[in-house]
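J.: Input: one structure, supplied below.
Read-outs: derived from the displayed coordinates by stated rules, not from any lab. Bear in mind the structure is a predicted one, so any value in this text is a computation, not a measurement. All Cβ positions, even for glycine, are placed from backbone atoms using ideal geometry, and neighbour counts span all protein chains on display.
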Amino acid sequence: MNKVISPLKIAESLTELWSPRIVGEVDDAYVKVAKLQGTLTWHAHDEEDEMFLVLKGQLIIEMEEETAILNEGDFFVVPQGVRHNPIANEECLILLFEKKTTLHTGGIEHAKTKSIDEQLP
């Protein structure tokens with residue numbers, strides 16, 4: 001995966017919502033892109049932080065103590081252990097940066113949960 005890529009173009013080409021695709025690796029972390037619309041599910045990552053960068057659109061990240069609203073070009077880090085629920089009222093394209101051990105929906109099994117194997121290109 002050592003080549004120049006366009007995360008935006010890859011995210012635009014995705015056909016499945018809430019199904020991240022791994023587009024790169026940095027040390028012990030994956031760089032992923034996803035196309036979102038609607039809501040995922042409330043979940044937490046007990047051992048990992050999760051960084052969201054909005055490439056296009058708007059993403060709302062509900063948390064128990066606050067709500068973060070991200071517009072194009074904004075990024076936000078959900079700290080480990082914080083329950084959160086990503087919401088995209090309209091189509092939203094994002095870049096995720098998370099440890100390779102991060103499970104898509106934390107310890108929650110959900111219809112939208114994707115394994116790491118399902119996220120590989």
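J.: Considering the stretch 49-65 alone, what residues qualify as being within 21 Å of K100 (Cα to Cα) and surrounded by fewer than 19 Cβ atoms within 10 Å (Cβ to Cβ)?
T.: Matches in the stretch 49-65: D49, M51.
J.: Can you name the condition, by its number, that Y30 falls short on among (1) in contact with a Gly (Cβ under 9 Å, 6 or more places away or on another chain); (2) over 25 Å from T101 (Cβ atoms); (3) surrounded by 15 or more Cβ atoms within 10 Å (Cβ to Cβ)?
T.: (2)
J.: Are there any pairs with C-beta distances below 7 angstrom linking a residue in the stretch 35-58 that is closer than 13 Å to N89 by Cβ to a residue that is β-branched (V, I, T) and surrounded by fewer than 16 Cβ atoms within 10 Å (Cβ to Cβ), with the two at least 6 apart or on different chains, and if so which?
T.: Q58/I69
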